[in-house]
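One structure below.
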Amino acid sequence: MDFSQINEQLPIERFQHPVATENQIDLRILRLDKTHGEISGNKWFKLKYNLLEARNRGINKLLTFGGAYSNHIYAVAAAAKLFDFQSIGIIRGEEHIPLNPTLQFATDAGMQLHYVDRESYRKKTEEHFINQLKAEFGEFYLIPEGGTNRLAIQGAAEIPSLIPEPYDYYCLAVGTGGTIAGLISGMKGQVNIIGFSSLKGSFLQDEVANLLQSFGHESLHNWSIQTEYHFGGYAKTKPNLIDFIKALEEQFELKLEPIYTGKMLYGILDMIEKGQFEKGSKILAIHTGGLQGRTGFGL
């Protein structure tokens with residue numbers, strides 16, 4: 001499998017926002033969003049070893065799960081097209097015509113969409129439900145919702161290799177917990193890692209701990225999850241977050257989206273302003289991509 005179309009030589013850019021400079025913070029951004037135009041950011045690192053595993057097993061059909069605006073569905077559809085797989089997306093909820101931009105892209109990329117009601121969708125990890133899908137679609141390689149599994153964490157653990165110098169803090173948005181678990185694993189407990197939850201509630205702390213435990217890394221405690229910057233929950237937003245994203249794009253030509261990366265950078269700057277980072281600290285914010293999600297919010 002030829003991965004030469006994917007860029008893993010990614011820039012780290014200094015982000016000279018007034019809040020950071022006035023508080024003597026060296027804030028930089030790792031631009032994972034520049035890995036590929038469609039398989040963007042952390043999604044590529046979570047998918048790469050799954051694609052290799054599917055190919056090694058001789059399976060040419062990928063099946064995965066997601067909501068109507070899922071970055072994961074978008075990325076899997078793009079990867080399947082690029083690397084010559086068939087793809088099936090099990091979509092939570094009813095079909096709405098016209099399709100939104102995410103699902104239209106997935107369809108145009110060749111993904112077969114299959115809609116299930118929310119009650120059925122909650123059974124997506126149950127053996128009986130998976131067997132029903134096999135009966136309907138034949139043999140497939142299963143990638144879980146959000147892409148988080150052992151191979152995804154293996155891929156995310158390679159992100160530290162893109163960072164040539166040390167930082168005091170490493171920050172990233174968190175959804176299913178796979179990317180931060182990989183980063184924690186790859187950093188081997190040597191740095192401070194802060195995840196910014198895009199979901200309401202504190203359950204991600206346990207989710208990430210369980211992922212680390214399943215890979216024998218339960219002794220790593222150099223990380224935390226910030227739960228104050230969810231703006232109402234997953235895919236929820238508020239006018240001040242949208243204004244923040246628009247202002248950064250206008251002032252710094254930096255594109256973010258309101259599901260993950262916008263919340264993360266808003267949180268980092270708010271914590272800096274509140275004095276929660278020591279003066280002189282070096283912070284690396286990891287831009288995990290997902291910019292296709294902007295279209296659903298008029299950005």
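The values are calculated or read from the model by the stated rules, or taken from the named source; none is laboratory data. Everything numeric here is computed off the predicted structure, so don't read it as measured data. Cβ coordinates were reconstructed from backbone atoms using ideal geometry, including for glycine residues, and neighbour counts include every protein chain displayed. To get the accessible areas, we keep the full protein, side chains included, count just its heavy atoms, and leave off ligands, DNA and RNA. Shrake-Rupley method; radii C 1.70, N 1.55, O 1.52, S 1.80 Å.
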Does the range 6-13 contain any residue that is at pLDDT 95 or above and open to solvent by less than 40 Å² (accessible area, probe 1.4 Å)? no
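Okay, residues lined up against (1) aliphatic (A, V, I, L, M); (2) within 22 Å of A157 (Cβ to Cβ); (3) in contact with a Gly (Cβ under 9 Å, 6 or more places away or on another chain):
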residue	(1), (2), (3)
I242	yes, no, yes
Y260	no, yes, yes
I272	yes, no, no
G280	no, no, no
List, please: which pairs have Cβ atoms under 7 Å, are six or more places apart or on different chains, and start with a residue in the range 144-162 that is on the phi > 0 side of the Ramachandran plot and end with one that is open to solvent by 40 Å² or more (accessible area, probe 1.4 Å)? G146/T176
Search the range 207-226 for residues being assigned to a loop (DSSP other than H, G, I, E, B) and open to solvent by 40 Å² or more (accessible area, probe 1.4 Å), and hand back the single one that is nearest to G178 (Cα to Cα). F215
Output the residues belonging to the range 181-199 that are open to solvent by less than 10 Å² (accessible area, probe 1.4 Å), among the hydrophobic types (A, V, I, L, M, F, W, C) and in a strand (DSSP E or B). I193, F196
So how many residues does the range 227-264 have that are of a type in the set (K, R) and either assigned to a helix (DSSP H, G or I) or buried (at least 21 other Cβ atoms within 10 Å of the Cβ) (or both)? 2
Of residues in the range 272-299 being farther than 23 Å from L183 by Cα and without any contact (Cβ under 8 Å) to a residue 60 or more places away in the chain, the one most open to solvent (accessible area, probe 1.4 Å): K274
Matching residues, the range 140-165, being among the aliphatic types (A, V, I, L, M) and within 19 Å of R92 (Cα to Cα): L142, I143
